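Undergrad: Structure below; questions to follow.
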Amino acid sequence: MLPLLRNFNISTMQISSRLVSNYVSRMRHLLELKEDDEACRKALRSGAFLLFHNFCPLLQRSENKYITPFVTTSELNKILQKLKQKKYLEESVLIGCTANHVAQFALDLGGIEKAKVESVLKGTFVDLRKAFFLLDGKDAPLLSQAQGLLRWHSTHLYCSQTGHPTRKNVSGSKRVCSTEEIIYYPQMSPVIIVLVSDGAQCLLARQESFPPGMYSALAGFCDIGETVEDSVQREVAEEVGLEVSSLEYSASQHWPFPNSSLMIACHALVHPGQNKINLNLSELEDARWFDAKVITAALKRKRMPTLKEMGTVPFWIPPPWAVAYQLIKEWNQRQQPS
């Protein structure tokens, strides 16, 4: 079995005792809201909401950039009144809370005509993949979590064992079968994402669905019964016909596509001299080796291509908040002279 190595020492984060205390306080508060319906209903009355329409987040233009605004409960009630809608608040899902314990929720308004909602909100509902390229990276994790939870609830309306409807608890932390009290919790699918290297170059690939010019690390779902190590070896063999000799864990990230994935990011080395790519065209459109010079130039770009520019930039990598970018940056740093 290949070694899966990564040291994690929370003390290196230099978290002050005040911040730790605040974090623990927030997590305890969130746990209470998840499990106590009445506490969550109370929090709804003074909460903040991210709004979606058929899983597309609301974006607003502000000072030549896009933002994802939170609206307060009072603002949301006024919006719903203008749209002549009433019973909507408890359809939301809890996604977090601020340092001051203001509960944060996500709410999908897909049952209302999109143009009417956009007119009232003075914004645009944008497909999440496109939104990720328009927004500051700090918004990505919460949007990812929110859309993932909303989508999970939409696909688990019925019990898989009895066929009867399920009901959501107030926070959205679970669904319960209406007859058998069978409980369902939101789940993620484990996916490995791996940056393959031969020591001097790294391998990046693209699928047909990628934006023009973008290359990224290899990725694939873990099969039942596999370890992370098994999944990395199999995916690399299947997609580019290479055999992994060693690997190292780097990080993880929630990814909302296709239906909530836990991206497990690794570096992998192939056997020396065995770097000839045998591309699986049913999986990938292209795969190439890139040296540190090309990767350095890609990392130095101050911004991503705009949607109009994507067809004219021949090579670019995922945005900085994506775990694939982290893998590429880590590899490139290791290639630099010490």
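Please treat every number below as a calculation from the coordinates, not as lab data. All values reported here derive from a predicted model rather than from experimental measurement. Don't worry about glycine lacking a Cβ; one is built from the backbone with ideal geometry, like all the others, and counts go over all protein chains shown.
Undergrad: Any idea what the dipole of region 21-117 comes to, in debye rounded to 20, about its Cα centre with Lys/Arg Cβ at +1 and Asp/Glu Cβ at -1?
TA: 400
Undergrad: Checking the cross-link filter: which aspartates and glutamates have an alpha carbon closer than 17 Å to that of K82, excluding same-chain neighbours under 8 positions apart?
TA: Leaving aside aspartates and glutamates fewer than 8 places away in the same chain, those within reach of K82 are D108, E113, E118.
Undergrad: So, one more: Under 5 Å between amide H atoms, partner at least 5 residues away or on a different chain: which partners does L59 have, H built in plane at 1.01 Å?
TA: Amide H to amide H, under 5 Å and 5 or more residues apart or across chains, L59 pairs with T124, F125, V126.
Undergrad: Using the alpha-carbon atoms, what tilt in degrees (0 to 90, nearest 10) does helix 17-35 show relative to the longest principal axis of the chain?
TA: 60
Undergrad: Within 10 Å of each residue's Cβ, count the other Cβ atoms and sort V24, V196, V176, V244 from fewest upward.
TA: V24, V176, V244, V196
Undergrad: Ok, one more. Which of the three applies to the chain, rounded, prolate or oblate, going by the alpha-carbon gyration tensor with a ≥ b ≥ c and a/c under 1.5 meaning rounded?
TA: Judged from the Cα gyration tensor, the chain comes out prolate (a/c at least 1.5, a/b above b/c).
Undergrad: Something else about it: Rounded to the nearest 20 debye, what is the charge dipole size of the chain about its Cα centre when +1 sits on each Lys and Arg Cβ and -1 on each Asp and Glu Cβ?
TA: Here the size comes out at about 1700 debye.
Undergrad: Another question, then. How do the peptides 226-233, 81-88 rank, highest first, by the average count of neighbouring beta carbon atoms within 10 Å per residue?
TA: Result, highest mean first: 226-233, 81-88.
Undergrad: Let me ask something else about it. Can you list the residues, at least 5 places off or on another chain, whose amide H is less than 5 Å from the amide H of I95, using H built in the peptide plane?
TA: It is Q104, F105, A106, by chain and number.
Undergrad: Could you tell me how many degrees, from 0 to 90 and to the nearest 10, lie between the Cα long axis of helix 323-335 and the main elongation axis, the longest principal axis, of the Cα atoms of the chain?
TA: Relative to the chain, helix 323-335 is tipped by roughly 30 degrees.
Undergrad: Let me ask you something else. Check cross-link reach from K78 to the lysines: straight Cα distance under 18 Å, and skip same-chain residues fewer than eight apart.
TA: Partners found: K86, K87, K114, K116, K122.
Undergrad: Also, quick follow-up: Could you give each residue of region 156-168 its phi-based ³J(HN,Hα) in whole Hz, using Karplus coefficients 6.51, -1.76, 1.60 with θ = phi - 60°, and x for Gly or Pro?
TA: So the Karplus estimates, Gly and Pro as x, are 10, 6, 10, 6, 6, 9, 10, x, 7, x, 9, 10, 7 Hz.
Undergrad: Name the residues whose placed amide hydrogens come within less than 5 Å of the amide hydrogen of G241, ignoring near sequence neighbours (fewer than 5 apart) on the same chain.
TA: N278
Undergrad: Are there trypsin sites (Lys or Arg not before Pro) in region 264-297 that DSSP puts in a loop and that have at most 14 other Cβ atoms within 10 Å, and which ones?
TA: Those satisfying the criteria are K276.
Undergrad: ³J(HN,Hα) across region 175-182 via Karplus (A = 6.51, B = -1.76, C = 1.60, θ = phi - 60°), whole Hz, x for Gly/Pro?
TA: Along region 175-182, the couplings run 10, 10, 4, 6, 10, 10, 6, 7 Hz.
Undergrad: Further question: In percent, how large is the relative contact order of region 15-149, given Cα pairs closer than 8 Å and 6 or more residues apart?
TA: 31
Undergrad: Counting other C-beta atoms within 10 Å, which of T296, T166, T73, T312 has the fewest, and how do the rest follow?
TA: In order of increasing Cβ crowding within 10 Å: T312, T296, T73, T166.
Undergrad: Shifting gears a bit: Every cysteine in the chain with no other Cys Cβ under 4.7 Å from its Cβ, please list them in numeric order.
TA: C40, C56, C97, C202, C222, C266 - these cysteines have no disulfide-compatible partner (Cβ-Cβ under 4.7 Å) in the chain.
Undergrad: Right, another one. What relative contact order, as a whole-number percentage, does the chain give when Cα pairs under 8 Å and 6 or more residues apart are counted?
TA: Across the chain, relative contact order equals 16 percent.
Undergrad: Equivalent-ellipsoid semi-axes (√(5λ), Cα gyration tensor) for region 101-140, whole Å, largest first?
TA: Over the Cα atoms of region 101-140, the semi-axes work out to 20, 17, 10 Å.
Undergrad: Could you bin all the Cα-Cα distances of region 189-335 into 10 Å bins starting at 0 and give me the percent of pairs in each, rounded to whole numbers?
TA: Bin by bin from 0 Å, the calculated values are 11, 44, 37, 8, 0.
Undergrad: What number of lysine-lysine pairs in region 189-335 show an alpha-carbon separation below 19 angstrom, given a sequence spacing of 8 or more or placement on distinct chains?
TA: So the count of such lysine pairs works out to 4.
Undergrad: OK, next. Which value in deg cm²/dmol, rounded to the nearest 500, describes the helix-derived mean residue ellipticity at 222 nm for the chain, given -39,500 (n - 2.57) per DSSP H run of n ≥ 4 and division by the residue count?
TA: -9000 deg cm²/dmol
Undergrad: List, in order, the whole-Hz ³J(HN,Hα) value for each residue of region 144-153 obtained from phi through the Karplus relation with A = 6.51, B = -1.76, C = 1.60 and θ = phi - 60°; use x for Gly and Pro.
TA: 4, 5, 4, 5, x, 5, 4, 5, 4, 5
Undergrad: May I ask for the distance between the Cα centers of region 277-338 and region 156-228, given as a whole number of Å?
TA: Their Cα centres are 24 Å away from one another.
Undergrad: Expressed as an acute angle from 0 to 90° and rounded to the nearest 10, what is the orientation of the C-alpha long axis of helix 228-240 relative to the principal long axis of the chain?
TA: 60
Undergrad: Of C40, C222, C266, how do they rank once you tally other Cβ atoms within 10 Å and put the fewest first?
TA: Ranked by crowding around the Cβ, least crowded first: C222, C40, C266.
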